[in-house]
């Protein structure tokens, strides 16, 4: 009793949202777990974690992986060492992390909103179906979003030490999902708009760059080339260029991807650095050659991907993890899409109300939606955007209501 009495109003709200979100996620896990494949291994994350847990390094079948980044496999490897190689354990911890993100959203929103409105923002994330489902998906989004939101909250503090802590968290985020490697551009935008002292972005960079540099050095040692991940080249050829080829030739995307895989091989693993370097250059050359034949198709791809990220219901999110595909509800996806459209409308009003003070969530939304567009864009890439969307929507709802009453 004394513990709760000592908590501030904000802390109580954070704890309440965390508790509610955790119950929802664990309940969803209890219902879904019997239908999940016990050996699910999406994007090789679990295989890499097993290799790390055994002490064999970041490899699979003795071949170093240079497409995946280390943080999520290390996270899984730690859980394996602590409690065994069990999908239920991994997903239960992800439910805990997802609930923590909901609580942190309340903390982030309190920078601009009243305690009640900030609690509403956290509750929106707690109840978001896509955010709930991704806690049951053995991929990076849940851990990544927690690191992102925690770092964003620290960037709203005044001290350079807070910005340094944000830099460390966002470097871990970038080594969880390579799309975040350019997040210093967001920090630069915040600094320019808010006119912070130069010590703050410098502290961020000092903390952000070392881990990124160490991983690039590891890849350079393995491949002879400096990069964070080869996934950018893989996506360029197998999604962007392949989608252009598929549209022009009238075949499926999967057919073109299979043809490219046969022609070029894999850029995920490096068995021999000289052959790998030649393969990577050939893939990049072919991708840009194909894209230049019809740039307008590339633009259409990006627009379609952006639309999926913004409004996609994610009705088939767990298909690759389920023992058997299950029928999709007819009514739920359109209802959810309408709810998302409403949230985006409210967020637009929230951005107008908060003006330049909300530059951080606005830039983060633009960053992730903008970079994740294309033929592989889907609702999975909306997960890190949802906390920012919820904050702006919670700010916009009363603003829209007051304007409608005028």
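When the helices in the chain are scored as -39500 (n - 2.57) per DSSP H run of 4 or longer and the sum is shared across all residues, what 222 nm value do you end up with, to the nearest 500 deg cm²/dmol? Helices in the chain give a 222 nm mean residue ellipticity of -22500 deg cm²/dmol.
In this structure, residue 159 and residue 303 have a Cβ-Cβ separation that, at R0 = 35 Å, corresponds to a calculated FRET efficiency of about 0.25.
The residues 249, 232, 375, when put in order of fewest to most other Cβ atoms within 10 Å, stand as 249, 232, 375.
Taking R0 as 25 Å, what's the FRET efficiency between residue 199 and residue 371 from their Cβ-Cβ distance, rounded to 0.05? After rounding to 0.05, the efficiency reads 0.30. Just one of (1) 64, 28, 18; (2) 36, 29, 21; (3) 34, 25, 24 is semi-axes √(5λ) of the Cα gyration tensor in Å as worked out from the coordinates here. Which one is it? Here semi-axes √(5λ) of the Cα gyration tensor in Å agrees with entry (3). In terms of surrounding Cβ atoms within a 10 Å radius of their Cβ, 331, 163, 215, 306 rank from fewest to most as 331, 306, 215, 163.
Is the shape of segment 210-286 best called rounded, prolate or oblate, per the rule: a/c under 1.5 gives rounded, else a/b larger than b/c gives prolate, else oblate, with a ≥ b ≥ c the square roots of the Cα gyration tensor eigenvalues? It comes out prolate by the Cα gyration axes. Per residue, the average separation of C-alpha pairs within less than 8 Å and at least 6 apart gives the chain a relative contact order of 19 percent. Relative to the first principal axis of the alpha-carbon coordinates of the chain, what is the inclination of helix 160-174, with its axis defined by its Cα atoms, in degrees from 0 to 90 and to the nearest 10? So the inclination is approximately 40 degrees. Between residue 320 and residue 296, residue separation times 0.36 nm minus the direct Cα-Cα distance comes to 5.5 nm. Say we join alpha carbon atoms closer than 10 Å with springs in a Gaussian network model of the chain; which of 94, 325, 257 then has the biggest fluctuation? Comparing 94, 325, 257 in a Gaussian network model of the chain, the most mobile one is 325. Here the calculated FRET efficiency for residue 251 and residue 289, from their Cβ-Cβ distance with R0 = 25 Å, stands at 0.85, rounded to the nearest 0.05.
Here the simple spin-label model places points 7 Å from the Cα toward Cβ, and for residue 225 and residue 404 these points are separated by 5.3 nm. Helix 184-194: angle to the longest alpha-carbon principal axis of the chain, degrees 0 to 90, nearest 10? That works out to roughly 30 degrees. Helix 199-223 axis versus longest C-alpha principal axis of the chain: approximately 20°, rounded to the nearest ten.
Here 154, 322 are placed in order of increasing Cβ neighbour count within 10 Å, fewest first, which gives 322, 154. Cα centroid separation, segment 106-153 to segment 259-273: 37 Å.
Quick note: the coordinates plus some simple rules give every number you see, no bench work behind them. Values in this document were obtained by computation on a predicted structure and should not be read as measured data. Cβ atoms come from the backbone with ideal geometry, glycine included; neighbour counts cover every protein chain shown.
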